[in-house]
Amino acid sequence: MAKVLVLGGGFAGVEAAIFLRKQELDVTLVSDRDYFYIYPTSIWVPTGEATKEDVSVPLDKLAFAHGFKLIVDPVTKIEAQEKKVILQSSRVLEGYDYIVVAMGQDKIQHTGMEHTLSICGKPEEATELYKRLSALVQKGSGKIAMGFGGNPKDTSAVRGGPAFEVLFNVDTYLKRKGLRENFELTFFAPMEKPGMKMGHNAVGMMDKMFEMTHIHKKVGSKIISFEADGINFEDGTKIESDLTMFIAAGTGQGIVAQSGLPLSEAGFVVTNEYNEVEGFEGIYAIGDSASLMGPDWRAKQGHVAEVMARNVAYNIFQHAQNIDSKRGYLEHINILCVMDTGNGAAFVHRDDKGGKMIPMPVIGHWMKKGWGWYCRNSKLGKIPRIPGM
Ligand SMILES: Cc1cc2nc3c(=O)[nH]c(=O)nc-3n(C[C@H](O)[C@H](O)[C@H](O)COP(=O)(O)OP(=O)(O)OC[C@H]3O[C@@H](n4cnc5c(N)ncnc54)[C@H](O)[C@@H]3O)c2cc1C
């Protein structure tokens, strides 16, 4: 039986392990955390609507449900040519026929970033955002700034949606507390038209939502540095802030950079559309770790990571049997999300035909909650999977 080593226990790694097991292969998953973190529903952690535990699924439960082996021990080195992986405990993993790299991405570092917290970083940061926001609510007033940064080397690694979501959720939360007028909320991003990936219609709608919610907007100027009390921009202005949430754009992982695998300019693993790393037989890269091919507006997303994972499970199984049949991800590139506001949401979809954003007051919020429940329970095998989800 072919032996497969999956590195990373996020959307990509977990989905790959589940689908590789459906082919009855011998699968081992290695993760630095003992849980799978459902990032899309973590946007409710800062306002206390969910806890870290609510949006985490223990990896041992997933391993038990699907019959894969689990090692919780951070990967410290990948020697791609030798198909050898070294863990923090000094344990050496070798002798695998296939390796699937699914360790996510690192973040671009900015001066003073220690003064910020990110909803897209370590899960503990979301909990810290909750504590800091609660302290401001206790105080009764404050200035809050939330935004995201760019990556000129790879726009697919720019993640803006969660900044909009957390900011609108904070607005709704403060209104419910009867404190909104005591707080100044500001959105910031260096590009002229943040959110443009979602299309013109979406950018226009976001502007209207900022006006309606009295959220200030600072765009079109490079971020120079963060300080304990705010953010400095290239045009000489400063946003005063007691609490700054900043999503730095993604960049390739340090461990991957030392692995000998081919990298894009931004440090992501270069693969073909079947997620094979050409020149390294039996090595695949999927999810945020992989350099995403496709149109200019493409974005690294969880549902694309899962398509890659299911394809790789199929491709490995076929390869193991010497069958020349492969599935690629390019036809599945689109942007899909339910952008939550705490009291509703907007359905966002972008493909080659263009983008649309459809407001879904009240019901959208509950749809996203329903998806979170589905994600957890379907992965645990407690409810059937909806095909393609
Ligand atoms: C707040 C937020 C909201 C989002 N909303 C949406 C949405 O609505 N729709 C959508 O499609 N996408 C959304 N995304 C994007 C989506 O979550 C990512 O594209 C997805 O998580 C990528 O999956 P991944 O497995 O490649 O990476 P990750 O989910 O980041 O998983 C990487 C895994 O590798 C592990 N790892 C890292 N380093 C090591 C190491 N050295 N050793 C061992 N293990 C390691 C990590 O612990 C982690 O489990 C959102 C992202 C965020 C942050």
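The values are calculated or read from the model by the stated rules, or taken from the named source; none is laboratory data. All values derive from a computational prediction rather than experimental measurement. Neighbour counts run over all protein chains shown; Cβ positions are idealised from the backbone, glycine included.
Within the stretch 328-346, residues that are assigned by TED's automatic domain parsing to the domain that holds Val304 reach partners that are more than 9 Å from the ligand (Cβ to nearest atom) and hydroxyl-bearing (Ser, Thr, Tyr) with beta carbons closer than 6 Å, at six or more positions or on different chains, in the pairs Gly328/Tyr274. If the condition is being within 23 Å of Gly230 (Cα to Cα) and either out of contact with any strand residue (DSSP E or B) (no Cβ under 8 Å at 6 or more places or on another chain) or more than 9 Å from the ligand (Cβ to nearest atom) (or both), then the stretch 68-122 contributes Lys107, Ile108, Gln109, His110, Thr111, Gly112, Met113, Glu114, His115, Thr116, Leu117, Lys122. Within the stretch 334-346, being away from the ligand (no atom under 11 Å from the Cβ) and either in contact with a Pro (Cβ under 7 Å, 6 or more places away or on another chain) or part of a strand (DSSP E or B) (or both) holds for Gly344, Ala346. Checked against (1) more than 26 Å from Met205 (Cα to Cα); (2) within 16 Å of the ligand (Cβ to nearest atom); (3) in contact (Cβ under 8 Å) with a residue 40 or more places away in the chain; (4) of a type in the set (A, V, I, L, M, F, W, C), Trp373 meets all criteria but (3).
Of all the numbered requirements in (1) part of a helix (DSSP H, G or I); (2) more than 11 Å from the ligand (Cβ to nearest atom); (3) surrounded by 23 or more Cβ atoms within 10 Å (Cβ to Cβ), Ala126 misses one, and that requirement is (2). Residues satisfying the criterion are absent from the stretch 34-43 (criterion: at negative phi and more than 11 Å from the ligand (Cβ to nearest atom)). Mind counting the residues in the stretch 287-310 that are in a helix (DSSP H, G or I), more than 7 Å from the ligand (Cβ to nearest atom) and of a type in the set (D, E, K, R)? Qualifying residue count for the region: 2. Taking the stretch 227-273 as the range and being among the aliphatic types (A, V, I, L, M) and surrounded by 19 or more Cβ atoms within 10 Å (Cβ to Cβ) as the test, the residues that pass are Ile231, Ile239, Leu243, Met245, Ile247, Ala248, Ala249, Ile255, Val256, Leu261, Ala266, Val269.
Gly355: within 16 Å of the ligand (Cβ to nearest atom) and more than 30 Å from Glu53 (Cβ to Cβ), yes or no? Yes, satisfied. Listed by first and then second residue, the pairs with beta-carbon distance under 7 Å, at least 6 apart or on different chains, first residue in the stretch 21-42 and at pLDDT 95 or above, second more than 16 Å from the ligand (Cβ to nearest atom) and in a strand (DSSP E or B), are Asp26/Lys3. Among the residues making up the stretch 165-198, a single one is within 16 Å of the ligand (Cβ to nearest atom) and at positive phi: Gly195.
Determine if the stretch 314-323 includes at least one residue that is surrounded by fewer than 20 Cβ atoms within 10 Å (Cβ to Cβ), among the hydrophobic types (A, V, I, L, M, F, W, C) and assigned to a strand (DSSP E or B). No - not one qualifying residue is present in the stretch 314-323.
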